[in-house]
Amino acid sequence: MAVYHSEINVRTQGQGTLEITDQARNAIRESGLKNGTVTVFCRHTSCSLVLMENADPSARHDLEGFMSRLVPENDRHFTHTYEGPDDMPSHIKMALTRSAEVVPFAEGRLLLGTWQGIFLWEHRTAPHSRSLIVTVIGE
């Protein structure tokens, strides 16, 4: 088995999902590997990763809206608010989702479902620079 690492740097525009499927595909291509798995790992505690529908943006908007209702800003019970009202909610949203996604690939192609994409989910209101580590393992 061979292992290949790379880093993806993403600039977000604030809260919302940003598709990074093509960056994962690029890492597989750069690795030269044909079959295996690709892991994308988010190095932050206020954003996350999610596999989600990539055809109709309303599915992602509904998910984002649901999460915002589930974990609202300005909850009077939060004490970790040093960076603003979105501080603690962003950490909770990250904890409820995932910091990594693992996707198999064969013949150099991701084996995602027809409507699946890999998304960085920014939970903070302000734009941020995000670092993702991509590890490709295979043959």
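Quick note: the coordinates plus some simple rules give every number you see, no bench work behind them. The structure presented is a predicted model; accordingly, all values stated were derived computationally and were not measured. In this analysis, Cβ positions are derived from the backbone assuming ideal geometry, glycine residues included, and neighbour counts consider all displayed protein chains.
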In the stretch 79-104, the residues that are under 12 Å from the mean Cα position of the chain (by Cα), outside any helix (DSSP H, G or I) and not small (Gly, Ala, Ser): Thr97, Arg98, Glu101, Val102
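Which members of the stretch 78-107 meet the condition of being in contact with a helix residue (DSSP H, G or I) (Cβ under 6 Å, 6 or more places away or on another chain) and farther than 12 Å from His123 by Cα?
Step one: filter the stretch 78-107 for residues in contact with a helix residue (DSSP H, G or I) (Cβ under 6 Å, 6 or more places away or on another chain), giving 78, 80-81, 93, 105.
Correct list: Phe78, His80, Thr81, Phe105.
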Hey, Val10 in a strand (DSSP E or B) and either of a type outside the set (A, V, I, L, M, F, W, C) or more than 21 Å from Ser129 (Cα to Cα) (or both) or not: no
Hey, Arg60 in contact (Cβ under 8 Å) with a residue 12 or more places away in the chain and closer than 17 Å to Ile133 by Cβ or not: no
Among (1) among the hydroxyl-bearing types (Ser, Thr, Tyr); (2) surrounded by 13 or more Cβ atoms within 10 Å (Cβ to Cβ); (3) under 17 Å from Met52 (Cα atoms) - the single one Thr81 does not satisfy: (3)
Selected residue (criterion: farthest from Thr21 (Cα to Cα)) from residues of the stretch 86-108 that are free of Cβ contacts under 8 Å to residues at least 24 places away in the same chain and surrounded by 13 or more Cβ atoms within 10 Å (Cβ to Cβ): Met88
